[in-house]
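Here is the structure we will look at.
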Amino acid sequence: MDSARETVRLIGLDWGSSSLRGWLFDASGRILDERSAPLGILAVRDRRFDRVFERFCADWLAERPTLPVVASGMIGSRQGWREAAYLATPASLDALAGALLDLDEVAGRRFRIVPGLVTRSASGAPDVLRGEETQVFGALCSSANTATTDDGVDRLFVLPGTHSKWVATQGTTVTGFRSWMTGELYAVLREHSILGRMFAEATDPDAAGAMAAFDDGVDRALTAPGALAHLLFTVRTEGLLGERAADRQPAYLSGLLIGAEIADALRVFGGRSAASGATPLASPTIVASASIAGRYRRALLRAGVDAQIADGASAAPGLFAIAFRSGLLA
């Protein structure tokens, strides 16, 4: 075992519905090795999560059988290995670290699952997230084993996806969040509605024509945020009348859905479009892959809001920070 391996202290897992990602950390939070596989909880037969875990981490465990493990994501859901109860907001990094679910007797080692978060709107409607909390705390980390100073500064994180999340923080505390089914709606409308029957695949989704169609969708949704159901029908009518090419309709649909999400988010989190003459929302941070982050930043700019893009791989530092604060590495 080389000197780097001798400093191994932790296995971190981001175990979602469709994929499993893992990292091997040293004592300072440096990543020594990483891997991924299409072994999300939906792909695990007979709920044998123990076997999948042992196979996925076999060589790591062979070298250091006593390595502690911290996992976040859908592995802690009702359909996962064991359900980790949601922690209510406001929830600090230390509170989350103190609420880890102990799976030791089942996993055969020190194994902790990060709980998700639950919040409620002003009307009392509940909202939940699971996995994104780890990404947010990772984005807040200034180094591998410490989070940014609890300076009390208000920040806003945008995490696009199947269920897009906007997460508000104050210092190192998640104060609230809101979810939109943007990605899932896009997939359902494209694959299972009459709209998608007229679509054609774009040769280059980022070409000028496609992005112009995306911008059209964003602008229309921002102008009439309450009219999404009507605006969705324009995807069909413009196609029927030959006013928008079939290979640009997917981008237009994407723009409508993302624009509607942003319009509602600006209302919820206190921002307003620059066009309204009000003060724009303070710069949010987008946590996503480069492609989808670029789309959201482009759409936010059209709403008069400048955004910064964080590293989409923030789950790893988040897992280490949570494990460090919990004392799992002691």
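The values are calculated or read from the model by the stated rules, or taken from the named source; none is laboratory data. Keep in mind it's a predicted model, so treat the numbers as computed, not measured. Reconstructed Cβ throughout: ideal geometry from the backbone, glycine too, with neighbour counts over all protein chains shown.
Looking only at residues of region 58-110 that are of a type in the set (S, T, N, Q) and within 19 Å of residue 316 (Cα to Cα), we find that the one that is surrounded by the fewest Cβ atoms within 10 Å (Cβ to Cβ) is 92. Taking region 73-98 as the range and being charged (D, E, K, R) and without any contact (Cβ under 8 Å) to a residue 60 or more places away in the chain as the test, the residues that pass are 78, 82, 83.
Yes or no: residue 139 hydrophobic (A, V, I, L, M, F, W, C) and surrounded by 23 or more Cβ atoms within 10 Å (Cβ to Cβ)?
Answer is yes for this residue.
Step by step: first the residues of region 31-57, then only those that are surrounded by 15 or more Cβ atoms within 10 Å (Cβ to Cβ) and within 12 Å of residue 316 (Cβ to Cβ), then the one that is farthest from the chain's Cα centre (by Cα). Which residue is that? The residue in question is 32. A Cβ distance below 7 Å, combined with a sequence gap of six or more or placement on separate chains, defines the contacts here; from region 140-164, residues that are within 28 Å of residue 264 (Cβ to Cβ) and among the hydroxyl-bearing types (Ser, Thr, Tyr) reach residues that are at pLDDT 95 or above and outside any loop (DSSP other than H, G, I, E, B) in the pairs 162/183; 162/184; 164/179; 164/180; 164/182; 164/183; 164/261.
Does region 136-159 include one or more residues that are part of a loop (DSSP other than H, G, I, E, B), among the polar types (S, T, N, Q) and under 30 Å from residue 190 (Cβ atoms)? Checking region 136-159: not a single residue is part of a loop (DSSP other than H, G, I, E, B), among the polar types (S, T, N, Q) and under 30 Å from residue 190 (Cβ atoms). Where in region 25-122 are there strands (runs of 3 or more DSSP E), lying wholly inside it, with at least 3 residues that are touching an Asp or Glu at 6+ places or on another chain (Cβ under 8 Å)? In region 25-122, 117-120 are the strands (runs of 3 or more DSSP E) which contain 3 or more residues that are touching an Asp or Glu at 6+ places or on another chain (Cβ under 8 Å). The listed residues are 196, 270, 183, 255, and the only one of them that is within 28 Å of the chain's Cα centre (by Cα) and over 19 Å from residue 164 (Cβ atoms) turns out to be 196. So which of 52, 8, 70 is on the phi < 0 side of the Ramachandran plot, among the β-branched types (Val, Ile, Thr) and free of Cβ contacts under 8 Å to residues at least 40 places away in the same chain? Result of the check over 52, 8, 70: 52.
Scanning region 237-275 for residues that are surrounded by fewer than 16 Cβ atoms within 10 Å (Cβ to Cβ) and of a type in the set (D, E, K, R) returns 243, 267. Would you confirm whether any residue within region 251-272 is at pLDDT 95 or above and among the polar types (S, T, N, Q)? Yes, that holds for at least one residue. Restricting attention to region 191-218, the residues that are part of a helix (DSSP H, G or I), under 16 Å from residue 244 (Cα atoms) and not aromatic (Phe, Trp, Tyr) total 14. Say we look at region 5-22 and pick out the residues that are more than 18 Å from the chain's Cα centre (by Cα) and assigned to a strand (DSSP E or B); which of these is surrounded by the fewest Cβ atoms within 10 Å (Cβ to Cβ)? Once the filter is applied, the top-ranked residue is 8.
Filtering region 286-317 to residues that are hydroxyl-bearing (Ser, Thr, Tyr) and closer than 18 Å to residue 266 by Cβ leaves only 296.
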